[in-house]
Amino acid sequence: MAISDVVRALEQDLRAIFGGRLQSLVVYRPASDVSGEPTPTLAVVDSLTTDDLRACADRVMSWHEAGLATPLLVGTREFGRSLDAFPLEFGAILADHTLVAGPDPFEGLSLVTSDLRRACEVQARSHLLHLREGFIESRGRGDQIGRLIAESAAPLAGLLMSVARLHASPVTATASAAELVERVAALQVGSLSAIVAFARQASLPSSDDARRLFPSYLAAIERLTHYIDQWNGH
């Protein structure tokens, strides 16, 4: 992954704030391949004070305007001790990051597969409950179902990338992840691919398309949740 000038500028800002306490800075791939998503970074620091947070707060607007997400700030030993608590979020960083400055803070760290499977199940079950609740609240109106589909597309993309990571897949595009998940979980072809495409579109599905897409979408998430629950690494 190429290191952009704005990431280099962020490094200088963080060095101005933390000085020698800034140990490492990495840039990593966003959770999905949605166009225009801010560039995420993680900084490892020896210590972190309220004054440091205030100094970052003074600069955060300029970071956002440059296309950067607010950097994650973690203590030197914090990341490794948090892998079991945040296996999806931190596992994604571990799997695909580029070192910008300092020593590699993740050397020797690895993700426990059982932690990742459990987190995927939580993510899938939460998505399923959201779809059921959202459909009830739509009162069956096609336009509201279309909005539910569009708004759930980005979270679905994150779920699909997590399941792909569970299978140790190198895919980096959500469309490829959707195809992989449909195949390994024996889902209806296109049931998730058609939905995740809306994460990259500004328009909503029409009322007719929404009513057509939603039943197979819901069924696919139900089946995927069961698949993850029963997954044993094969």
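The values are calculated or read from the model by the stated rules, or taken from the named source; none is laboratory data. No experiment lies behind these values; they were computed from the predicted model shown. Glycine also receives a Cβ, built like all others from the backbone with ideal geometry; neighbour counts cover every protein chain displayed. Calculation scope for accessible area: heavy atoms of the full protein, side chains included, ligands and nucleic acids excluded. Shrake-Rupley method; radii C 1.70, N 1.55, O 1.52, S 1.80 Å.
So the values come out like this:
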item: Region 165-178, residues that are closer than 15 Å to Ala199 by Cβ and part of a helix (DSSP H, G or I); result: Thr174, Ala175, Ser176, Ala177, Ala178
item: Residue list for region 197-232, filter: assigned to a loop (DSSP other than H, G, I, E, B) and either of a type in the set (A, V, I, L, M, F, W, C) or over 16 Å from Glu151 (Cα atoms) (or both); result: Ala202, Leu204, Trp231, Asn232
item: Residue count for region 82-133, restricted to those that are within 26 Å of Thr39 (Cβ to Cβ) and of a type in the set (D, E, K, R); result: 4
item: Residue that is under 26 Å from Cys120 (Cα atoms) and surrounded by 15 or more Cβ atoms within 10 Å (Cβ to Cβ), where the choices are Val27, Val7; result: Val27
item: Any hit, region 42-52, residues being open to solvent by 30 Å² or more (accessible area, probe 1.4 Å) and within 24 Å of Ala173 (Cα to Cα); result: no
item: Exclusive hit being closer than 30 Å to Leu94 by Cα, open to solvent by 50 Å² or more (accessible area, probe 1.4 Å), in a helix (DSSP H, G or I) and of a type in the set (Ser, Thr, Tyr), set Ser126, Ser152; result: Ser126
item: Residue check for Ala16: within 27 Å of Leu160 (Cα to Cα) and either modelled with pLDDT of 90 or more or of a type in the set (Gly, Ala, Ser) (or both); result: no
item: Candidates Gly91, Gly36 - the one that is within 20 Å of the chain's Cα centre (by Cα), of a type in the set (Gly, Ala, Ser), modelled with pLDDT under 90 and open to solvent by 50 Å² or more (accessible area, probe 1.4 Å); result: Gly36
item: Cβ-Cβ under 7 Å pairs, at least 6 apart or on other chains, region 15-30 side among the basic types (Lys, Arg), far side buried (at least 17 other Cβ atoms within 10 Å of the Cβ); result: Arg15/Leu22; Arg21/Val45
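Yes/no per residue for (1) under 23 Å from Pro170 (Cβ atoms); (2) open to solvent by 70 Å² or more (accessible area, probe 1.4 Å); (3) touching a Pro at 6+ places or on another chain (Cβ under 7 Å):
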| residue | (1), (2), (3) |
| --- | --- |
| Pro71 | no, no, no |
| Val74 | no, no, no |
| Gly80 | no, no, no |
| Ala85 | no, no, no |
| Gly108 | yes, yes, no |
| Leu111 | yes, no, yes |
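Yes or no, residue by residue, for (1) over 21 Å from Ile93 (Cα atoms); (2) open to solvent by 10 Å² or more (accessible area, probe 1.4 Å); (3) more than 19 Å from the chain's Cα centre (by Cα):
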{"site": "Leu156", "(1), (2), (3)": "no, no, no"}
{"site": "Ser162", "(1), (2), (3)": "no, no, no"}
{"site": "Ser169", "(1), (2), (3)": "no, yes, no"}
{"site": "Ala186", "(1), (2), (3)": "yes, yes, yes"}
{"site": "Leu218", "(1), (2), (3)": "yes, yes, yes"}
{"site": "His226", "(1), (2), (3)": "yes, yes, yes"}
